[in-house]
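Everything below concerns the one structure shown next.
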Amino acid sequence: MVRLVRMGARASVARDQRPLGRGAAELVTVDESGTEVARELVPSDPGLVLQVVHFVDVDDGGRVTTEALGDMSLSVPRSSTLDELREELREFVFEDDLREVDEELADEPRWEEMSSLLRERGIVADEETLHALPFVVELDDDVVAEFSQ
């Protein structure tokens with residue numbers, strides 16, 4: 001019987017570096033009394049676009065991935081540290097913060113696609129089983145080079 005070993009995310013620098021969207025912060029300046037004196041939009045750094053693959057390793061040496069289901073991309077600030085990047089990737093897969101603020105999403109089963117891919121290999125794994133696995137982040141050398149500068 002095949003056992004699940006760990007779950008993770010692998011990130012590499014995406015070939016297409018066009019931003020996934022635009023972002024900006026609104027900077028509001030107020031005086032001592034709290035009256036607004038200025039307001040401006042400050043464009044955000046477009047960041048680095050990463051290609052992300054969600055995977056589960058099994059004890060027979062195999063790896064089940066979401067690659068066949070299509071590309072997953074994540075844009076991260078170039079100023080991120082490697083630890084911040086790892087946390088971003090964990091959140092990308094687990095969606096804990098997003099689930100806290102979106103009640104509809106909180107009720108949705110997590111990792112249905114991964115569970116389906118595992119079932120195709122004869123492995124039954126529900127959300128609880130996957131959530132209990134050790135989680136790892138694998139960064140390709142190109143990603144490490146970008147964030148180690």
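The values are calculated or read from the model by the stated rules, or taken from the named source; none is laboratory data. Just so you know, these numbers come straight off a predicted model, no measurement behind them. Virtual Cβ from ideal backbone geometry, glycine too; neighbours counted across all protein chains shown. What goes into the accessible areas is simple: the full protein's heavy atoms, side chains included, and nothing from ligands, DNA or RNA. Shrake-Rupley method; radii C 1.70, N 1.55, O 1.52, S 1.80 Å.
Scanning segment 108-142 for residues that are hydroxyl-bearing (Ser, Thr, Tyr) and within 24 Å of Arg86 (Cα to Cα) returns Ser115, Thr129. Assess whether Ala11 counts as being open to solvent by less than 20 Å² (accessible area, probe 1.4 Å) and either modelled with pLDDT under 75 or under 19 Å from Arg90 (Cβ atoms) (or both). Judged against the criteria, Ala11 is a match. There is no residue in segment 109-125 that is modelled with pLDDT of 90 or more and assigned to a strand (DSSP E or B).
Condition check ((1) over 16 Å from Phe55 (Cα atoms); (2) open to solvent by 70 Å² or more (accessible area, probe 1.4 Å)) across all residues:
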| residue | (1), (2) |
| --- | --- |
| Leu89 | no, no |
| Phe92 | no, no |
| Glu100 | yes, yes |
| Arg110 | no, no |
| Ser115 | no, no |
| Arg119 | no, yes |
| Asp126 | no, yes |
| Val143 | yes, no |
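Would you check if Asp60 is of a type in the set (Asp, Glu), open to solvent by 40 Å² or more (accessible area, probe 1.4 Å) and not in a helix (DSSP H, G or I)? The answer is yes for Asp60. Considering only residues that are more than 30 Å from Glu138 (Cβ to Cβ), open to solvent by 90 Å² or more (accessible area, probe 1.4 Å) and modelled with pLDDT under 65, which ones fall in segment 14-45? Correct list: Pro43 only. Among the residues making up segment 66-81, those that are open to solvent by less than 40 Å² (accessible area, probe 1.4 Å) and touching a residue at least 24 places away in the same chain (Cβ under 8 Å) are Thr66, Leu74, Val76, Ser80. The number of residues in segment 78-102 that are at pLDDT 90 or above and under 25 Å from Arg119 (Cα atoms) comes to 5.
With the requirement that a residue be in a helix (DSSP H, G or I) and at pLDDT 90 or above, what does segment 128-149 give you? Once the filter is applied, which keeps residues that are in a helix (DSSP H, G or I) and at pLDDT 90 or above, segment 128-149 yields Glu128, Thr129, Leu130, His131, Ala132, Asp141, Asp142, Val143, Val144, Ala145. Checking each residue in segment 82-104 for being touching a residue at least 12 places away in the same chain (Cβ under 8 Å) and touching a helix residue (DSSP H, G or I) at 6+ places or on another chain (Cβ under 9 Å) picks out Leu82, Leu85, Arg90, Phe94, Glu95. Confirm whether Ser75 is assigned to a strand (DSSP E or B) and either under 15 Å from the mean Cα position of the chain (by Cα) or modelled with pLDDT under 95 (or both). Against the criterion (assigned to a strand (DSSP E or B) and either under 15 Å from the mean Cα position of the chain (by Cα) or modelled with pLDDT under 95 (or both)), Ser75 qualifies.
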